[in-house]
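The values are calculated or read from the model by the stated rules, or taken from the named source; none is laboratory data. The structure presented is a predicted model; accordingly, all values stated were derived computationally and were not measured. Cβ placement follows ideal geometry from the backbone for every residue including glycine, while neighbour counts extend to all protein chains displayed.
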Amino acid sequence: MIQFSIKPKAFKKPVMSLAIYALVFLLMNFSVGYLCYSYYGFQQPIDWVLAGLYLSLSVISYYVFVVNDTHATSFKGRTTALGFLAVHLALSVLVTAFIFNTPIKLVWYLAGLLLSLSYLLGFYGITLWSKNQRAARQQLQHELLTDELTQLYNRRALAQHAKHEEQFAVDSNTHISVLIIDIDDFKPVNDQYGHAVGDDLLRQISQLFKHRINKLGEVYRWGGEEFVAMLPVTGLFEANQLANKLINKVSAHTFNIKQLLELKVTVSVGVAQWLPEESICKETLERADMALYKAKAAGKNAVAVADFKDISQSGEAKLKDQPKGQAEDQTKLA
């Protein structure tokens with residue numbers, strides 16, 4: 001059985017706060033009641049049912065004020081709470097009209113002003129809350145779809161984006177190509193220089209990929225030292241050209257690690273074009289991955305293009321069914 005021990009100090013601050021709120025409530029309402037009694041005296045007779053009803057609403061409003069105000073640290077954070085405090089004061093003023101001989105016009109004017117103030121404060125507070133909630137949701141969405149190390153989109157983002165791109169390609173009869181990019185001999189970098197150097201290299205090369213590919217598509221970190229680029233409205237021929245430019249750019253680049261170490265690395269790339277009956281994140285990437293293995297086997301720092309029949313016995317039929325532009329792209333690369 002799990003046992004929990006609660007330390008008295010843990011409740012010291014909240015208990016003190018609640019005691020202060022209760023004291024303020026008593027002093028404020030007692031003072032108003034005493035002043036009304038001194039100047040106006042009691043009603044004859046007193047409608048205790050109506051007074052009790054509004055008094056209950058007043059107490060509830062004060063409770064809501066306390067709940068919202070307890071953890072607030074600034075005026076902006078407590079505007080909604082202050083709105084409920086204004087409601088409490090307005091209801092308390094109305095209660096005095098049922099118990100004491102207060103001037104009815106004065107009561108209604110004062111209650112109306114307090115209620116108007118409560119609406120203004122409440123509206124401002126709700127607007128701030130909505131703004132903060134939107135910002136929090138956007139931040140959460142960003143964290144869910146972004147790789148923490150490289151700040152590129154992650155696999156989850158690729159799955160989401162791929163569905164939209166597939167639908168657009170079907171509707172517009174356009175192409176989608178994908179690249180799988182793998183850093184050659186990345187493990188020895190980690191083994192020789194440490195993971196901090198490896199992480200810095202990943203960050204720098206990610207920005208290089210993003211800069212070179214951003215005009216045609218989006219880059220995603222697939223995992224480890226592997227990256228995926230999705231290129232909407234791009235045929236196989238153009239994707240192959242981009243991949244070759246990319247490996248040349250990487251091989252010519254010197255990566256400066258923390259101003260202490262200079263590294264030169266190469267990448268290998270597998271290229272594949274999406275087929276309408278495929279899922280980009282499954283069959284298309286599988287074919288690109290097989291092409292990547294061919295590029296590695298060819299000596300690395302190379303590009304290999306996936307055949308349409310790499311994972312299907314009916315590849316020739318698939319190629320025949322493609323739009324004319326897709327068949328031409330495949331013919332050019334053959």
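Worth a mention:
- Only one of the numbered conditions (1) among the β-branched types (Val, Ile, Thr); (2) touching a residue at least 24 places away in the same chain (Cβ under 8 Å); (3) outside any helix (DSSP H, G or I) is violated by residue 80, and that is (3).
- Members of the stretch 41-82 that are touching a strand residue (DSSP E or B) at 6+ places or on another chain (Cβ under 9 Å) and surrounded by 14 or more Cβ atoms within 10 Å (Cβ to Cβ): 43
A quick yes/no check of all residues on (1) more than 20 Å from residue 300 (Cβ to Cβ); (2) assigned by TED's automatic domain parsing to the domain that holds residue 295; (3) at pLDDT below 95; (4) of a type outside the set (A, V, I, L, M):
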| residue | (1), (2), (3), (4) |
| --- | --- |
| 177 | yes, yes, no, yes |
| 206 | no, yes, no, yes |
| 216 | yes, yes, yes, no |
| 248 | no, yes, no, yes |
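- The number of residues in the stretch 122-148 that are surrounded by 13 or more Cβ atoms within 10 Å (Cβ to Cβ) and within 30 Å of residue 76 (Cβ to Cβ) comes to 9.
- Matching option when the condition is assigned to a loop (DSSP other than H, G, I, E, B) and among the aliphatic types (A, V, I, L, M), among 46, 60: 46
- Of all residues in the stretch 83-114, those that are assigned to a helix (DSSP H, G or I), surrounded by fewer than 23 Cβ atoms within 10 Å (Cβ to Cβ) and of a type outside the set (A, V, I, L, M, F, W, C) total 3.
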